[in-house]
Amino acid sequence: MSGPFDLTGRVALVTGGASGIGVGMVRMLAEAGATVAVADRDYGGAERVAAGLRAEGLQAHAFAVELADEASIVEMVAAITGWLGAPWILVNNAGVQDRQLLLEGTAEEWDRNNAINARAPFLLTRECARGMIASGNGGRIINVASCSLRGQAIKGLASYMGSKGALAALTKASALELAEHGITVNTVLPGGVASPGAINAKGPEAVGPARRMPALGMCEPSDIAGAVLYFAAPIARYCTNQTICVDAGWSVT
Ligand SMILES: NC(=O)c1ccc[n+]([C@@H]2O[C@H](COP(=O)([O-])OP(=O)(O)OC[C@H]3O[C@@H](n4cnc5c(N)ncnc54)[C@H](O)[C@@H]3O)[C@@H](O)[C@H]2O)c1
């Protein structure tokens with residue numbers, strides 16, 4: 001395979017690759033030729049995803065990580081680099097999405113959301129960018145935020161949206177500092193996907209604009225993965241600090 005979307009010979013690290021949208025991203029990047037590190041605290045789930053793809057002749061391997069723990073992140077990136085080579089693609093996909101009403105909000109829930117949805121991507125960006133720079137071949141970083149930042153929200157997302165806003169801002173800051181190394185940094189905003197994480201999210205009843213049906217229906221993980229593939233692909237080499245919102249037309253309803 002060759003062409004504008006060919007990722008043969010590239011190592012891709014996808015966090016949260018054991019469930020939901022991440023599974024779709026892992027598959028699409030592997031099908032494009034990448035060797036994918038499927039990183040998750042659910043190692044068993046990550047290994048099931050990776051083994052399934054290997055059975056199809058694709059390249060995927062599971063890695064355990066606890067994203068709330070800096071040492072775990074540092075160790076995981078070192079393990080991937082030692083085994084597969086330095087990641088050329090980092091997809092900061094893993095996230096928690098429980099709800100808590102603002103007036104009942106706790107510092108603990110704010111900290112939990114920000115630790116996993118924003119702090120971990122910051123640490124992963126630092127660790128992976130160091131490897132990308134040492135390799136001298138540039139790289140791709142894709143941050144997965146949420147279309148709730150565009151208003152497709154429900155009540156209870158103060159901590160979640162705060163963390164996703166921080167992640168979107170991290171895209172801009174890191175795009176500036178990493179451009180001189182040929183590393184692009186972009187954001188994908190998923191719309192509604194009926195993933196395990198979305199279905200099982202804890203919290204008050206989901207009330208708000210995001211309860212209306214998107215014009216085109218609910219997204220599948222592959223719909224979100226398509227935007228990730230674009231930003232990861234050779235064709236997108238001059239695309240940085242940009243955002244693609246895959247919301248199935250929520251914004252026009
Ligand atoms: N599903 C949606 O409708 C939707 C909409 C907008 C944005 N998103 C975002 O898309 C991303 C993926 O969401 P999803 O719906 O597929 O979620 P999901 O819960 O189905 O999958 C998330 C994965 O991340 C892993 N993970 C969570 N915390 C972790 C930690 N501390 N350490 C290591 N791994 C951890 C989980 O084990 C799980 O495998 C998230 O960032 C989410 O905020 C989802």
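The relative contact order of the stretch 96-166 comes to 56 percent, based on Cα pairs under 8 Å that sit 6 or more residues apart. Phi-derived couplings, Karplus 6.51 cos²θ - 1.76 cosθ + 1.60 at θ = phi - 60°, listed residue by residue for the stretch 196-203: x, x, 6, 5, 9, 4, 8, x Hz, with x used for Gly and Pro. R0 = 30 Å: FRET efficiency of VAL74 with ALA206, Cβ-based, nearest 0.05? So the FRET efficiency works out to roughly 0.25. Could you tell me how far the Cα centroid of the stretch 169-240 sits from the Cα centroid of the stretch 80-120, in Å? Rounded to whole Å, the Cα centres lie 14 Å apart.
Among MET25, MET213, the ranking by other beta carbons within 10 Å of each residue's beta carbon, starting with the fewest, stands as MET213, MET25. For the chain, the longest principal axis of the alpha carbon atoms and the long axis of helix 221-232 meet at an angle near 50°.
Here's how it looks for ALA62: its modeled amide H is under 5 Å from those of VAL38, which are all 5 or more places away or on a different chain. Once backbone amide H atoms are built at 1.01 Å from N, THR187 has ASN143, GLN242, THR243, ILE244 as its partners under 5 Å, excluding neighbours fewer than 5 places away on the same chain.
The angle separating the long axis of helix 120-135 from the principal Cα axis of greatest extent in the chain is about 20 degrees. Cross-link reach is defined here as a Cα-Cα straight distance under 25 Å, omitting same-chain residues fewer than 8 places apart; for LYS172 the lysines meeting it are LYS164. Excluding residues on the same chain fewer than 8 positions from LYS155, give the aspartates and glutamates whose Cα lies under 20 Å from its Cα. Leaving aside aspartates and glutamates fewer than 8 places away in the same chain, those within reach of LYS155 are ASP98, GLU104, GLU108, GLU109, ASP111, GLU205, ASP247.
Across the chain, the mean sequence separation of Cα contacts (distance under 8 Å, 6 or more residues apart), normalised by length, yields a relative contact order of 22 percent.
Laboratory data are not the source of any read-out in this text; all were calculated from the coordinates shown. Only a predicted model underlies this, so the values are computations on that prediction, with no experimental measurement involved. We place every Cβ from the backbone using ideal geometry, glycine too, and count neighbours over all the protein chains shown.
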